[in-house]
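S.K.: Can you read through this structure? Questions will come right after.
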Amino acid sequence: MKHERRSDVKQSVILDESAIRRALTRIAHEIIERNKGIDDVVLVGIKTRGETLADRLARRIEEIEGKPVALGNLDITLYRDDLSKKSLDPEVKATELPHDINGKTVVLVDDVLYTGRTVRAAMDALVDHGRPDYIQLAVLIDRGHRELPIRPDFIGKNVPTSKSEQVVVRLSEVDTADEVTINQQ
């Protein structure tokens with residue numbers, strides 16, 4: 001996903017900083033409610049922006065529950081089905097998971113759900129590290145156009161898009177600001 005701004009692109013902000021914060025607060029409450037607490041829950045962010053969102057969710061959940069939730073991150077580079085199209089020399093980052101995900105409920109966290117292929121790769125990578133009882137999916141944006149039968153459990157915002165549009169998530173920890181935009185050529 002490209003994150004630069006070009007002058008020939010029409011850009012519309014669909015979530016600003018406060019809307020992102022509210023969406024994450026709502027998702028945090030939904031995760032706690034659905035799982036009847038956080039004792040067996042592990043949040044796992046898909047690198048890069050999913051990792052940042054998982055960190056934010058973990059802080060929000062700790063504020064609500066008064067105790068930390070297990071947190072990890074996942075690099076899916078080598079599990080992608082389009083790896084040969086992306087690069088001949090892919091940059092692989094470290095995966096960091098809690099000691100044991102066996103028997104846990106793992107909530108995968110990502111910024112945008114589009115075709116479902118990233119989530120499929122993340123599930124493949126995850127089960128190479130253990131066997132959780134449940135895998136749930138939390139996304140900030142669900143833009144539709146699924147190619148695989150994957151559905152999120154927790155959604156910040158549904159944003160119907162055309163395939164020619166691009167959804168761009170910017171987070172202050174990685175980018176210059178907190179916002180989600182739709183870019184149209």
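S.K.: If amide hydrogens are placed 1.01 Å from N in the peptide plane, which non-local residues have theirs closer than 5 Å to the one on residue 73?
M.R.: 45, 96, 97
S.K.: So, one more: Can you give me the relative contact order of the chain as a percent, contacts being Cα pairs under 8 Å and 6 or more apart?
M.R.: Computed value for the chain: 27 percent relative contact order.
S.K.: Okay, next question. Between 164, 149, 32, whose Cα lies farthest towards the positive end of the dipole of the chain when Lys and Arg beta carbons carry +1 and Asp and Glu beta carbons carry -1, centred on the Cα centre?
M.R.: 164
S.K.: Taking a ≥ b ≥ c as the square roots of the Cα gyration tensor eigenvalues, with a/c under 1.5 meaning rounded and otherwise prolate when a/b beats b/c, else oblate, which class fits the chain?
M.R.: Cα axes put the chain in the oblate bin.
S.K.: Quick check: at a probe of 1.4 Å, how many percent of the accessible area of the chain sits on carbon and sulfur atoms?
M.R.: Using a 1.4 Å probe with all protein chains present, the chain comes out at 45 percent carbon and sulfur.
S.K.: Something else: If you place +1 on the Cβ of every Lys and Arg and -1 on the Cβ of every Asp and Glu, how big does the dipole about the Cα centre of segment 92-158 come out, in debye to the nearest 20?
M.R.: Rounded to the nearest 20 debye, it is 220 debye.
S.K.: OK, next. Measure up 10/47; 10/157; 67/157 against 25 Å on the Cα-Cα distance and list the ones that go over.
M.R.: Cα-Cα > 25 Å for 10/47; 67/157; rest within.
S.K.: Further question: Work out the length of the dipole vector of the chain about its Cα centre, built from +1 on the beta-carbon of each Lys and Arg and -1 on the beta-carbon of each Asp and Glu, and round it to the nearest 20 debye.
M.R.: 560
S.K.: Per the helix-only calculation at 222 nm, which mean residue ellipticity applies to the chain, given -39500 (n - 2.57) for every DSSP H run of n ≥ 4 and division by its residues, nearest 500 deg cm²/dmol?
M.R.: -8500 deg cm²/dmol
S.K.: For segment 94-185, report the accessible area per residue in Å² (1.4 Å probe, heavy atoms, rounded to an integer).
M.R.: Per residue, segment 94-185 has an accessible area of 46 Å².
S.K.: Which residue, 52, 185, 121, has the largest displacement toward the positive end of the dipole of segment 34-185 when charges sit on each Cβ (Lys, Arg +1; Asp, Glu -1)?
M.R.: The one lying farthest along the dipole's positive direction is 185.
The values are calculated or read from the model by the stated rules, or taken from the named source; none is laboratory data. Keep in mind the model is a prediction, meaning the values are calculated, not measured. Quick reminder, even Gly has a Cβ in these numbers, built from the backbone with ideal geometry, and neighbours come from all protein chains shown. Just so you know, the surface numbers come from the protein's heavy atoms only, side chains and all, with ligands and any DNA or RNA stripped out. Shrake-Rupley method; radii C 1.70, N 1.55, O 1.52, S 1.80 Å.
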